[in-house]
Structures are given as structure tokens and as C-alpha cells.
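As C-alpha cells, the structure follows; a few thoughts come after it.
What follows is calculated from the coordinates using simple rules that are stated; it is not laboratory data. Keep in mind that what you see is a predicted model, and the values were worked out from it rather than measured. When we count neighbours, we look across all protein chains shown, and the Cβ atoms used for this are built from the backbone with ideal geometry, even at glycine.
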Amino acid sequence: MVDPAAQLICDADALQDGGNGVRFEIRQHGETAAAFVIRHGGVVYGYLNRCRHVPVELDWQEGRFFDGDGDYLVCSMHGALYLPDNGYCVAGPCRGLSLQSLAVTEHEGRIYYLPHADGA
């Protein structure tokens, strides 16, 4: 059973390994913030849609977070590369920093955001 406070994001089949992500919004510190989920290695990951170098959204077109090979998440502004499984920046001006991860879960064919797990 999913936490009653969980926010439905999308159907699980909307996310393919290294494919487009799904954007959604969360409430964080009393404000609305852009977020996204992606699938990598069969696992779903969620992040705040904000580069660690300059606070801009990563996707250059809606839902386009991965590089051409589906190996890294890429910032559209300056090309910083982030590991999809932990959000760690491996190249670019924010090297060594990480995207803010969000608690997400896959349950019965759907993807959910778990705000209480993030302290939201």
C-alpha cells in the first residue's frame, strides 16, 4: 500500500531506461518547485529540477534529461553531467555537488512522490 500522502506522478510505463523523464511539481519550503523522475538500470529516481551550478531547470526540451547515449543527466545551460542513480555531478562547473534527490516509489504500475520521506 502506498502512503496516503503520496503524490501520483505517472504510470510506470511512461519511463524507459535512459529515455525521457516526467516532470512534476512539489511543494518545498512553502513554494512550488519543479521536479522530475527518470528510469535508469530499471530503477526510478526523482530529483529536484535544479542544476547545482546555476538554479535553472536541467531539461532542454520537456522531459529530455539524458545525454544522447542515456548514460548521464545533462544540464541544458552549461552541459554539466550528473550520474542518474545518485545525482552526483561528474563534469562541469558543479563537479562534486549533487542534485537534490527526492523520495519516489514504484507501486502497482505507477510512480509516486513521497513528500513525508523528504521532509516536505
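The modelled label-to-label distance between Trp60 and Ala117, using points 7 Å beyond Cα along the C-beta direction, is 3.1 nm. Here the contact order of the chain, divided by its residue count and restricted to Cα pairs under 8 Å and six or more residues apart, works out to 27 percent.
What FRET efficiency comes out for the pair His107/Met77, r = Cβ-Cβ distance, R0 = 41 Å, nearest 0.05? List each step's numbers first, then the result.
Details: r = 34 Å, r/R0 = 0.83.
Step by step, r from the Cβ atoms, then E = 0.75.
The gain in end-to-end length when the Asp13 to Asn86 segment is fully stretched comes to 24.1 nm, 0.36 nm per residue minus the alpha carbon separation.
When the Cα atoms of the chain are enclosed in a convex hull and the volume is divided per residue, what value in Å³ results? Don't jump to the answer; show the numbers that get you there.
Details: hull volume 11.4 nm³, N = 120.
About 95 Å³ per residue, rounded to a whole number.
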